[in-house]
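The values are calculated or read from the model by the stated rules, or taken from the named source; none is laboratory data. Because the structure is predicted, anything quoted here is derived from the model rather than measured. Cβ placement follows ideal geometry from the backbone for every residue including glycine, while neighbour counts extend to all protein chains displayed. The area values use the complete protein model at the heavy-atom level, side chains included, leaving out ligands, DNA and RNA. Shrake-Rupley method; radii C 1.70, N 1.55, O 1.52, S 1.80 Å.
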Amino acid sequence: MRPLELYIHIPFCVKKCRYCDFLSAPATPEARQEYVMGLCQKIRSYYDLGGLYHVSSIFIGGGTPSILEAQQMRSIFDAIRSTFPVDSDAEITVEVNPGTVDKLKLMAYHNIGINRLSIGVQSTDDQELKMLGRIHTYQDFLDTYSLAREAGFRNINVDLMSGIPFQTLGGWEDTIKRVAELAPEHISAYSLIIEEGTPFYEKYGEGERAEARRRRELPDEDTERLMYQFTKNILQNYGYHRYEISNYAKEGYECRHNLGYWNRTEYLGIGTGAASLINNQRFVEGGEIEVLTPQNQMEEYMFLGLRRIKGISKADFRRTFGRSVENVYGKVLIHMYQKQLLEDTGDNIRLTEKGIDVSNYVMSEFLF
């Protein structure tokens, strides 16, 4: 039996944030219950697959999964456990938005077997939270974090966001330090991306007026680069190590589910718009199946693996594809070494600090 990661998508939220382009929207309690019933039926339809795999991690994402009632979450896990063998030490994460849980719900989640929370605070500045369209305040987050600890959670991630309109370097430093002082086991620190179809895109996306607003209201590239450097340096002082471009953990608390994605572990996505990778076939629920060619697989291996700070393993590349990485990507590698964007450590190939600053460019070079 091979390891399998499960991703369960809950497409509901209290209110859409101004930067969010995820598949999510508010819904009535009746619509949420109908969705959960359909979701459980869909999970059970994979019974035959359950005989081939053991589940090593489960991630309940959204939307805002914590909008669900405890009994609805229990129904989902009853369906999972009746369909798949779940490892006794499986990492089981649910995304939580401050203001959508109380102590009883968190205790129920813990009793269900959920052992990791990912709390989206984004900022500790209430003005920045309002700017983003978040439904909570910093105090709401502190209350939720405290309740999570009281409910027994010993593995908590906190999501942070830099590059917010009008955000200063000092403001970002305050946010990092306030969260690090709480000592969550894991911190994800992402930069705001202006996505099409969002209110932020209407304001900052295309056109002369939008460009003027960007220059006036958004941190410039130099400031964003300093924010990234500040993040690594400050969190290092608090005992976190950076193991992926945007992710930091206390020793032993790296997100196993995300590591599985970056290592190309097979995963099954269930729920509206959820993606899967099974037997080198990629598909979105209700969509066409894309069979990945050996070249597709090599591309993914490189641009996912290079997200990790340790980079990709040359020995593992050869085992997986029957060819050396130098044989496949020799010219690209030499070019990246000369530009000092990649380095060869003997066993691994990884991004340099300079390469991390332009990681999207580096990874794009490995597309055939």
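Can you list residue pairs whose Cβ atoms sit under 6 Å apart, with the first residue in segment 278-299 being open to solvent by less than 40 Å² (accessible area, probe 1.4 Å) and the second being among the acidic types (D, E) and modelled with pLDDT of 95 or more? Count only pairs 6 or more apart in sequence or on different chains.
The qualifying pairs are I278/E266.
Taking segment 256-275, which residues are closer than 26 Å to F317 by Cα and either β-branched (V, I, T) or assigned to a loop (DSSP other than H, G, I, E, B) (or both)?
Answer for segment 256-275, where residues must be closer than 26 Å to F317 by Cα and either β-branched (V, I, T) or assigned to a loop (DSSP other than H, G, I, E, B) (or both): N263, R264, T265, E266.
Filter segment 99-142 for residues that are in contact (Cβ under 8 Å) with a residue 40 or more places away in the chain and among the small types (G, A, S) and give the result.
Passing the criteria: G99, S118, S123, G133.
May I ask you to list the residues in segment 244-278 that are polar (S, T, N, Q) and modelled with pLDDT of 95 or more?
Passing the criteria: S246, N247, N258, T265, S276.
Examine segment 237-255 for a residue that is loosely packed, with under 14 Cβ neighbours inside 10 Å, at positive phi and assigned by the TED database to the domain that holds L117, and state whether such a residue exists.
yes
Quick check on segment 173-185. Is at least one of its residues within 19 Å of S66 (Cβ to Cβ), over 23 Å from the mean Cα position of the chain (by Cα), among the hydrophobic types (A, V, I, L, M, F, W, C) and modelled with pLDDT of 95 or more?
No, segment 173-185 has no match at all.
Suppose we filter segment 73-96 for residues that are open to solvent by less than 20 Å² (accessible area, probe 1.4 Å), closer than 26 Å to C13 by Cα and not in a strand (DSSP E or B); how many remain?
Selection size over segment 73-96: 5.
Got at least one residue in segment 156-170 being out of contact with any helix residue (DSSP H, G or I) (no Cβ under 8 Å at 6 or more places or on another chain), among the β-branched types (V, I, T) and surrounded by 15 or more Cβ atoms within 10 Å (Cβ to Cβ)?
no
Just checking, how many residues over segment 300-322 are open to solvent by 40 Å² or more (accessible area, probe 1.4 Å), in contact (Cβ under 8 Å) with a residue 40 or more places away in the chain and either among the hydroxyl-bearing types (S, T, Y) or in a loop (DSSP other than H, G, I, E, B) (or both)?
Of the residues in that region, 3 qualify.
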